[in-house]
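Undergrad: After the structure tokens below, expect a handful of questions from me.
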Amino acid sequence: MTRRTATIERQTGETSVALTLNVDGAGSAEIATGIGFLDHMLHLFARHGLFDLTVRATGDLHVDEHHTAEDVCICLGQAFDRALGERRGLVRTAHAYVPMDEALGFVAVDLSGRPYCVVDAAFVTPRVGQLGTDLIAHLFESIAVHGRMNLHARILYGHNDHHKVEALFKALGRALDAATRVDERLGGAIPSTKGVL
């Protein structure tokens, strides 16, 4: 099978990001964004999705975390899009429920080529570590738009915001792991009645 890997570099007046993704990895991650909680979430995402992921990012954290976190997730979406190519033979759609103590998270994805994102999650605190909870939906949207995927994420219940966000990132990893698997029965065909994604 062709190696499904991608390296994305993004340089702006606000950030510098270098990201490498191996879709068919073993869950190893080396993450350094300057935002500790985001690093933690990306580690969990890679581990539960069995993706190898390296991220090096610097940004204008003296302003706030928005630009850095956003650009990292833009690059993550672009890496999936590039690594999956024409998306031939993919399972394409998948979902995952992940409990994290008292919280339950759900993510469904469709690698349809048509970006759309819905996030249904309420948080009670303004921040978890250095990451604003108002950014969570935007980060998932950035992954979906630049990864050309349909992504629905929901917190069914929970009290602790750390647990809620962790459940979502783990569920995203597991859903993408399942959706990016190759189904040999497709014989390398595009997984769509349209013949194109």
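The values are calculated or read from the model by the stated rules, or taken from the named source; none is laboratory data. Note that the coordinates shown come from a computational prediction; the quantities given were computed from them, not determined experimentally. Quick reminder, even Gly has a Cβ in these numbers, built from the backbone with ideal geometry, and neighbours come from all protein chains shown.
Undergrad: Scan (1) more than 21 Å from N22 (Cα to Cα); (2) over 17 Å from the mean Cα position of the chain (by Cα) for the single condition V182 breaks and write down its number.
TA: (1)
Undergrad: Here's something else I'd like to know. Identify, by number, the condition in (1) within 21 Å of H48 (Cα to Cα); (2) out of contact with any His (no Cβ under 8 Å at 6 or more places or on another chain); (3) in contact (Cβ under 8 Å) with a residue 60 or more places away in the chain; (4) surrounded by fewer than 16 Cβ atoms within 10 Å (Cβ to Cβ) that A83 doesn't meet.
TA: Against the list (1) within 21 Å of H48 (Cα to Cα); (2) out of contact with any His (no Cβ under 8 Å at 6 or more places or on another chain); (3) in contact (Cβ under 8 Å) with a residue 60 or more places away in the chain; (4) surrounded by fewer than 16 Cβ atoms within 10 Å (Cβ to Cβ), A83 comes up short only on (4).
Undergrad: Now, a different point. All but one of (1) of a type outside the set (S, T, Y); (2) more than 15 Å from L42 (Cβ to Cβ); (3) more than 16 Å from the chain's Cα centre (by Cα) hold for Q130; state the number of the condition that does not hold.
TA: With respect to (1) of a type outside the set (S, T, Y); (2) more than 15 Å from L42 (Cβ to Cβ); (3) more than 16 Å from the chain's Cα centre (by Cα), Q130 is out only on (2).
Undergrad: Here is a further query. Inspect all residues belonging to the stretch 164-175 and state whether any of them is at pLDDT 95 or above, part of a strand (DSSP E or B) and farther than 23 Å from A26 by Cβ.
TA: Checking the stretch 164-175: not a single residue is at pLDDT 95 or above, part of a strand (DSSP E or B) and farther than 23 Å from A26 by Cβ.
Undergrad: Return only the number of the condition from (1) without any contact (Cβ under 8 Å) to a residue 40 or more places away in the chain; (2) of a type in the set (S, T, N, Q); (3) in contact with a His (Cβ under 7 Å, 6 or more places away or on another chain) that S28 does not satisfy.
TA: Here S28 meets the rest and fails (3).
Undergrad: Could I ask something else about it? Take G27 and tell me if it is in a loop (DSSP other than H, G, I, E, B) and either surrounded by fewer than 19 Cβ atoms within 10 Å (Cβ to Cβ) or not small (G, A, S) (or both).
TA: Spelling it out, G27 is indeed in a loop (DSSP other than H, G, I, E, B) and either surrounded by fewer than 19 Cβ atoms within 10 Å (Cβ to Cβ) or not small (G, A, S) (or both).
Undergrad: Which condition from (1) among the hydroxyl-bearing types (S, T, Y); (2) surrounded by 18 or more Cβ atoms within 10 Å (Cβ to Cβ); (3) part of a loop (DSSP other than H, G, I, E, B) is the one that S142 breaks?
TA: Result: S142 fails condition (3) only.
Undergrad: Can you confirm whether the stretch 58-69 contains a residue that is touching a residue at least 24 places away in the same chain (Cβ under 8 Å), over 23 Å from D134 (Cβ atoms) and charged (D, E, K, R)?
TA: For the stretch 58-69, residues touching a residue at least 24 places away in the same chain (Cβ under 8 Å), over 23 Å from D134 (Cβ atoms) and charged (D, E, K, R): absent.
Undergrad: Could you say which residue among V128, V165 is over 16 Å from Q78 (Cα atoms), touching an Asp or Glu at 6+ places or on another chain (Cβ under 6 Å), among the aliphatic types (A, V, I, L, M) and buried (at least 21 other Cβ atoms within 10 Å of the Cβ)?
TA: Answer to the selection: V128.
Undergrad: Looking at the stretch 176-197, which of its residues are assigned to a helix (DSSP H, G or I) and closer than 15 Å to G89 by Cβ?
TA: Scanning the stretch 176-197 gives A178, A179, E184, R185, L186.
Undergrad: Taking into account only those residues within the stretch 1-14 that are assigned to a strand (DSSP E or B) and under 19 Å from the mean Cα position of the chain (by Cα), which is surrounded by the most Cβ atoms within 10 Å (Cβ to Cβ)?
TA: It comes out as I8.
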